[in-house]
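Written below as structure tokens is the structure these notes are about.
Readers should treat all values here as calculations from the given coordinates under stated rules, not as data from a laboratory. Everything quoted here is computed from the prediction, not taken from an experiment. Every residue, glycine among them, receives a Cβ derived from its backbone with ideal geometry; neighbour counts consider all protein chains shown.
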Amino acid sequence: MTTSTTEARSATIATPIGPFTVIVIIDTDGTPTVLASGWTDSTDELLPLIAPGLRPSKVEAVDRIDGVTDRVIAYHHGDLHAIDDVAVAQHSGEFLQHAWDVLRAVPAGRPLTYSEFAAKAGRPRAVRAAGSACSKNAAALFVPCHRVVPATGGVGHFRWGPPVKSWLLAHEAATE
């Protein structure tokens, strides 16, 4: 396994649905890029989600990350578009990369079924691959895999638990 020599920063903030942690790298121009995020207070839970070639060798815990934690707070307080242009870095195969880009274009408050997501990603028959794109997404919230739901109803699976996914979907439906 290849490990990057990149140093990263992490911050954990309180949200209405529990602690949210984000791991970022800061570009030379000061722009933060999200490597992993989710509703946990543990960077140890997030680090394995980062592709080996992007995985930082060191993570420094900080209280906040300008351009990221403030946007997460704004999102949770009703500004659903606050997170839309936060940079994200994930690496995988061509389909997953494309599928993650497609997820970033799914509007808040308008969830898709897995079949609809597969079709938007250009592979209408690849419903399982669409589900895999959601399950392998390391940058929860910024790549909004929570906006994909089963056609049969309910919220389906979510790495951070169905109650978190339900809250996110209800929050987006009520705010949009």
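Given charges of +1 on the Cβ of Lys and Arg and -1 on the Cβ of Asp and Glu, with all other atoms neutral, how large is the dipole of the chain about its Cα centre, in debye to the nearest 20?
Details: 15 positive and 18 negative charges, 167 e Å.
It comes to approximately 800 debye.
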Note, the stretch 91-97: 3J(HN,Hα) by Karplus (6.51, -1.76, 1.60, θ = phi - 60°), whole Hz, Gly/Pro = x, goes 10, 6, x, 4, 5, 4, 4
Scalar couplings 3J(HN,Hα) for the stretch 11-27 by Karplus 6.51 cos²θ - 1.76 cosθ + 1.60 (θ = phi - 60°), nearest whole Hz, x for Gly and Pro, are 9, 10, 10, 7, 10, x, 10, x, x, 10, 10, 10, 10, 10, 10, 10, 5
Residue by residue through the stretch 155-168, the couplings from Karplus 6.51 cos²θ - 1.76 cosθ + 1.60 with θ = phi - 60°, in Hz, x for Gly and Pro, are 9, x, 7, 7, 3, 9, x, x, x, 5, 4, 4, 4, 4
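Compute the relative contact order of the chain as a whole-number percentage, counting only Cα pairs closer than 8 Å that sit 6 or more residues apart in sequence.
Numbers: 310 pairs, mean separation 37.4, N = 176.
Rounded, it is 21 percent for the chain.
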Once the in-chain neighbours fewer than 8 apart are removed, the lysines whose Cα is under 27 Å from K58 read K136
Amide H neighbours of T113 at under 5 Å, excluding residues fewer than 5 places away on the same chain, with H built from the backbone geometry, are V149
Per the Cα gyration tensor, the chain corresponds to an equivalent ellipsoid with semi-axes, largest first in Å, of 25, 20, 14
